[in-house]
Amino acid sequence: MQETIKRTLRRLRRQYHLNMTALIDPHGNVEIEKMVDREQFLHVRCWVVGMAEPIMCTFVYGKCNKAAREEIWHFMRQTAEKGDKWMIGGDFNTILSTSERSDGAYPTHHSIEQFGEAIFDCGLVDMSFEGSRYTWTDHRLRERHANFLEVIEKCWKMPVVEQGMLKLKIKLTRLKQHLKQWNKDVFGNLFHNISQADLAVQQAEKAYDTNPSDDNLLDMNRIMAIYQNVLAAEEDFWKQKSACKWVVEGERNTQYYHSLFKKKKRACSGISQILHDGQQLTAESEIKESGVLFFSKLFKADSPPHGLERIGEHIPTIVTSEMGTALCRPVTTKEVKSVVFGMDIHRTVGLNGFNAFFYQHYWNVIQNDVVEAVEDFMREYLTRGINRLFANNHSLTYKGSMGVSHLSYAEDIILFTNAKVRSLETVMDFLKEYEATSGQLINVEKSAFILSPNAPPMVRHRVKRIT
């Protein structure tokens, strides 16, 4: 029965993040009224059915600072003077004699004396205890696996044929699968580990209570450290799942993170039905069409705007020419790093689940691929622009092109168009606009045009002049 109570208290403490747990078993109905609530103690009045008068109970969790505990001694003396039936207990963070401490630094003589004087002045009687004499240890450990960096480096350096953004995506996906298997092999099932660690703590405490030897104390401290480490892993697990950023580090917020994750999961499950013009829509295609129609009407003007040319007169020039030039320069590794390290470490960057902490902590491993992906994104802008250009100007294509506008590989690109003046000028205007917008310049010295061997010299001269 006693072991069952201990397990229940540990579960409640873990679930509700309690710093102190007090258990009252009056063997009957009881009503509790809060009287005084302070940082170091909670004072309540307990009405138990069948008793003529209530019992006052004070639950204490004292601070480490000797001066701060003066508040507890003062309140104890005030309460004792009232003459009520009174019970007080908890963790006073001090002791009455050196026999109450097994190892570590002992409190000062004055601190022990203050505690003893407060008990004497209040006329309190020690009710003794059941269970382990030593109920607290300061050995905490949150280890991180020693070869984790080595695992990431080895997986990341495995060759990939693709380039740019696709290369980064493939590496992140591969690393995610690799870490899942590694986590399973090294740490096993987290929740099973918690259950096993909880059981091990109970057994170690029982062994030390039966035989308080140095070996049993060391064994209990070791198992307690493992238990704390597993609890920390559980908290990290739910914190990452919930993507919570603002809760103070160091608090035990496992249950809170879990509830956030469940809310987030429900929110991401998608819209299953919607009411549109009094009609219930459940089909996915109908819901999409309803959303598009709603926002199209919301943001579409009833009539064409007039006088837009005069609006610019009232808008101040904030971006200077120097700022514009800086914005158009090619992206640098320093700029990309600045953006990455400026992000909140708990923010998830993409659908792969890696948060900003991963990119910051392992920047030296992944930086080249991240920068290359950003550069590729700018090139992707070029690719999409070319597709749009040819889709809006069908006259750019030439006979035999089979509708292909361009081919691209890594940093090289081939454009297919005819040699008409209008077509060449349209393509060149687009490339100049791309340079001005992206900041990436086309290397003219490494660029060339290829014509049919049957093209007349006049056409060759025209292409050379315009391009």
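Points to keep in mind about this one:
- Verdict on Asp429 being under 46 Å from the mean Cα position of the chain (by Cα), open to solvent by 60 Å² or more (accessible area, probe 1.4 Å) and modelled with pLDDT of 85 or more: yes
- Some residue of segment 386-400 being part of a helix (DSSP H, G or I), open to solvent by less than 40 Å² (accessible area, probe 1.4 Å), out of contact with any helix residue (DSSP H, G or I) (no Cβ under 9 Å at 6 or more places or on another chain) and on the phi < 0 side of the Ramachandran plot: no
- Residues (within 17 Å of Asp37 (Cβ to Cβ) and either touching a residue at least 40 places away in the same chain (Cβ under 8 Å) or not hydroxyl-bearing (Ser, Thr, Tyr) (or both)) located in segment 54-75: Met56, Cys57, Phe59, Val60, Tyr61, Gly62, Lys63, Ala68, Glu71, Ile72, His74, Phe75
- Candidate set: segment 64-74, residues that are in a loop (DSSP other than H, G, I, E, B) and touching a helix residue (DSSP H, G or I) at 6+ places or on another chain (Cβ under 9 Å); chosen: the one modelled with the lowest pLDDT: Lys66
- Tabulated pairs, segment 114-129, first at pLDDT 85 or above, second surrounded by 15 or more Cβ atoms within 10 Å (Cβ to Cβ) and among the hydroxyl-bearing types (Ser, Thr, Tyr), C-beta under 7 angstrom, 6+ apart or interchain: Phe115/Thr94
- In summary, Asp412 fulfils each of the numbered conditions (1) within 30 Å of Glu153 (Cα to Cα); (2) open to solvent by 30 Å² or more (accessible area, probe 1.4 Å); (3) modelled with pLDDT of 75 or more; (4) under 38 Å from the mean Cα position of the chain (by Cα) with the single exception of condition (4).
- Residue match in segment 66-82 (condition: open to solvent by 50 Å² or more (accessible area, probe 1.4 Å), over 44 Å from the mean Cα position of the chain (by Cα) and over 21 Å from Glu117 (Cβ atoms)): no
- When Lys169 is tested against (1) assigned to a helix (DSSP H, G or I); (2) exposed (fewer than 14 other Cβ atoms within 10 Å of the Cβ); (3) modelled with pLDDT of 85 or more, just one condition goes unmet, and that condition is (2).
The values are calculated or read from the model by the stated rules, or taken from the named source; none is laboratory data. The model shown is predicted, which means the values in this text are computed figures rather than measured ones. Cβ sites come from the backbone with ideal geometry, for glycine too, and all protein chains shown count toward neighbours. Ligands, DNA and RNA are excluded from the accessible area calculation, which covers all protein heavy atoms including side chains. Shrake-Rupley method; radii C 1.70, N 1.55, O 1.52, S 1.80 Å.
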